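Comments concern the structure below.
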Amino acid sequence: MASSSISITSGVFLVIFVWLWSSCLYANGCYTSIISFGDSLADTGNLKHLASISNRVLPLFLPPYGENFLNQSTGRCSNGRLIIDFLAERLGLPLVPPFLQDKGNNNMVTFKQGVNYAVAGATALDRSVLEPRGIVNPMTNASLGVQLAWFKQSLPSICGNESNCRDFIGRSLILVGEIGGNDYNYPILWGKSVEEELIEMGAKTLVVPGNFPVGCSASYLTVCGSEKEEYDHVTGCLVRLNQFAEYHNKLLQTKLKQVQDLHSDVNIFYADYYNAAMEIYLFPYKYGFTNGALKACCGGEGRYNVDPSVECGDASATVCDEPDTYVSWDGIHLTEAAYKIISKNLFSTPQFNSLCSTLTSGVGSLGSI
């Protein structure tokens, strides 16, 4: 179990930001664009486009999703902005557009300032790994491997020749994930590494996040909760599931040290998503979440406002009046207000601000943010 999990964490359950030796034009002093991979935590519209091709209408494309975007769903799994949006704003960059969209508006020019390959529902593991084991993803087959293939195929159109593309990648912050959460809804299986591919393409700094505290998810609390389960007396979260996430994060950090030892010229940083989110679950009122941290804003009936038969976006779903006072949006994804706090906890810190300075040292290091 441990060996398999370590391999997975090194290969697919990570968030990666990549820089080469370069100066940049924006106020952040480091990056001219963001390139993103992942699942629903980062998707800014790719699944919506894929669904439109097959005339599928999913609840997450309907109001109240995206209501903070002039009452129009953008395909984001929240009522508003995601962590990637707040990160772009912090770096002085435009919101990152989805790769899959109408190609009639000269998008390749736009993509030079950012492009998002993340797809809601995506798994880190490929269909070829999952389906032989009887595991079918009903949402999409756009796994991390598929997204990486899209990236490679689109590079010549975005940046031209190999030399220009290496420069483009070097001036970009590359965000791979968070991804792997959907895999935890299925059996944990052997994964395929993407780290070496990114390093070969010029990655010099990797920022890799741990898992969120899934035991605090309203959906997991609804489906997995019972009188036999142990609940944290402070947060009300499921102890067993949070211990699982912490176990994953411990293995991840161990593997990151191994990768660092193999690549002494690469800067690797562990991003502590778990504790950035746990801060909210421990002190919800401190951050203005007066309706608590565990109940969903949008969904059905039940202790946590979650009913597996009623999805947010369904006509029968209920929606809270003040989303900014809730942490959970639909039981799985968080509200814009929660994502804003998590982003601030992670990316408005001296540790994150120091990442640019580490690039000019010429020596790799292992750290955390």
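May I ask for the net charge around Gly75, where only other residues with Cβ less than 10 Å from the Cβ of Gly75 are counted and Lys, Arg are +1 while Asp, Glu are -1?
Around Gly75, the charge tally is +1.
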Here, Cys224 and Leu366, labelled 7 Å along Cα→Cβ, have an inter-label distance in nm of 2.8 nm
What distance in nm lies between label points placed 7 Å from Cα along the C-beta direction at Asn161 and Leu62? 5.3 nm
Stretch Ser52-His263 to full length: gain in nm at 0.36 nm per residue minus the Cα-Cα span? 71.7 nm
Local electrostatic count, Glu162, Cβ distance below 14 Å [Lys/Arg +1, Asp/Glu -1]: 0
Karplus-derived 3J(HN,Hα), 6.51/-1.76/1.60, for each residue of the range 289-306, Hz, glycine and proline x: 8, 6, 9, x, 9, 9, 7, 7, 6, 10, x, x, 8, x, 4, 10, 6, 10
Need one number: % antiparallel among DSSP beta bridges in the range 220-369, to the nearest 5. 55 percent
Counting only residues 5 or more apart in sequence or on a different chain, those whose built amide H sits under 5 Å from that of Ala271 are Val208, Gly210, Ile369
Got a sec? Which residues in the range 145-160 would a label at Lys112 touch, if it sits 7 Å along Cα→Cβ and we count backbone N under 17 Å? 154-160
Beyond a 31 Å Cα-Cα separation, which of these cross-linked pairs lie in this structure: Lys48/Lys250; Lys112/Lys250; Lys112/Lys344; Lys48/Lys255? Lys48/Lys250; Lys112/Lys250; Lys48/Lys255
Within the P(r) computed for the range 204-269, what percentage of the Cα pairs occupies the region above 15 Å? 58 percent
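Values quoted throughout were computed directly from the atomic coordinates according to the rules given, and no laboratory measurement underlies them. Remember, predicted model here, so these are calculated numbers, not experimental data. Because the Cβ atoms are built from the backbone with ideal geometry, glycine has one as well, and the counts that use them run over all protein chains shown.
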